[in-house]
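Below: the structure, in structure tokens.
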Amino acid sequence: MTLTFTNPPAVHTPGARYVHAALVEGPGRRLVISGQIGVAPDGTVAAGGAAQVAQALANLRAILAAHGMAPEHIVKMGVFLTDRALIPAWRAQRDAVLGPIAPCSTLLIVAGLADPRFVFEVEAEAFSA
């Protein structure tokens with residue numbers, strides 16, 4: 001088995017000591033994706049909750065694509081919201097990205113994220129044979 005840590009160029013550069021993804025390759029390919037927030041590749045934070053959800057999902061899709069995967073490869077998602085009122089925006093955009101796919105999922109309402117400007121975060125794991 002091999003393990004590769006990556007920061008795809010289509011996603012913002014991490015500001016702390018972490019990577020966006022870890023790819024484990026062996027009999028299959030398992031991709032572990034760090035929490036994605038509403039930060040564009042140029043480092044700007046999306047304005048508003050729905051915009052942050054959209055940007056975080058765009059980041060997630062970019063990381064999947066950088067590893068030859070797509071949303072249908074997602075097997076687990078963890079979602080963190082700082083405001084319960086964002087649940088409808090999250091569900092609508094999740095459904096637009098995932099379609100009929102329903103991976104394992106956890107949704108948490110939290111008091112805050114790493115930066116007070118952030119109101120949404122999504123992490124995921126994906127697998128391909």
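With the contact rule set at Cα under 8 Å and sequence spacing of 6 or more, what percent relative contact order holds for the chain? Working shown, then result.
On the way: 247 pairs, mean separation 38.8, N = 129.
This gives 30 percent for the chain.
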### Task
Of the listed values [x] 1.00; [y] 1.40; [z] 1.07, grab the one calculated as Cα Rg over 2.2 N^0.38 Å from the structure here.
[x]
## Note on the structure
Hits in the stretch 97-129: amide N under 16 Å from the 7 Å Cα→Cβ extension of ILE87, namely 105-111
### Message
With θ taken as phi - 60° and the coefficients 6.51, -1.76 and 1.60, list the Karplus ³J(HN,Hα) couplings across the stretch 3-20 in order, rounded to whole Hz; mark glycine and proline as x.
### Response
10, 10, 9, 9, 10, x, x, 7, 10, 4, 6, x, x, 10, 7, 7, 10, 6
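Calculate, for VAL75 and ALA22, the FRET efficiency according to 1/(1 + (r/R0)^6) with r their C-beta to C-beta distance and R0 25 Å; round to the nearest 0.05.
On the way: r = 15 Å, r/R0 = 0.59.
For R0 = 25 Å, the calculated efficiency reads 0.95.
How much accessible area per residue does the chain have, in Å², with a 1.4 Å probe? The partial results should precede the final answer.
On the way: 6630 Å² over 129 residues.
I get 51 Å² per residue for this part.
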### Task
Rounded to whole Hz and in sequence order, give me ³J(HN,Hα) for the stretch 66-72 from the Karplus expression 6.51 cos²θ - 1.76 cosθ + 1.60, θ = phi - 60°, writing x for Gly and Pro.
5, 10, x, 10, 9, x, 5
### Query
ASN7 to THR106: FRET efficiency via 1/(1 + (r/R0)^6), r the Cβ-Cβ distance, R0 22 Å, to the nearest 0.05?
0.35
#### Entry: Rounded percent of accessible protein surface that carbon and sulfur make up, the chain, 1.4 Å probe
59 percent
### Message
Can you show me the helix-derived [θ] at 222 nm for the chain, built from DSSP H runs with n ≥ 4 at -39,500 (n - 2.57) apiece and divided by the number of residues, rounded to the nearest 500.
### Response
-7500 deg cm²/dmol
### Query
In degrees between 0 and 90, to the nearest 10, how far off the longest principal axis of the chain does helix 87-98 point, with axes built from Cα atoms?
30 degrees
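The values are calculated or read from the model by the stated rules, or taken from the named source; none is laboratory data. Predicted model, so just to flag it, every value in this text is computed and none were measured. Neighbour counts run over all protein chains shown; Cβ positions are idealised from the backbone, glycine included. With ligands, DNA and RNA removed, areas are computed over all heavy atoms of the protein, side chains included. Shrake-Rupley method; radii C 1.70, N 1.55, O 1.52, S 1.80 Å.
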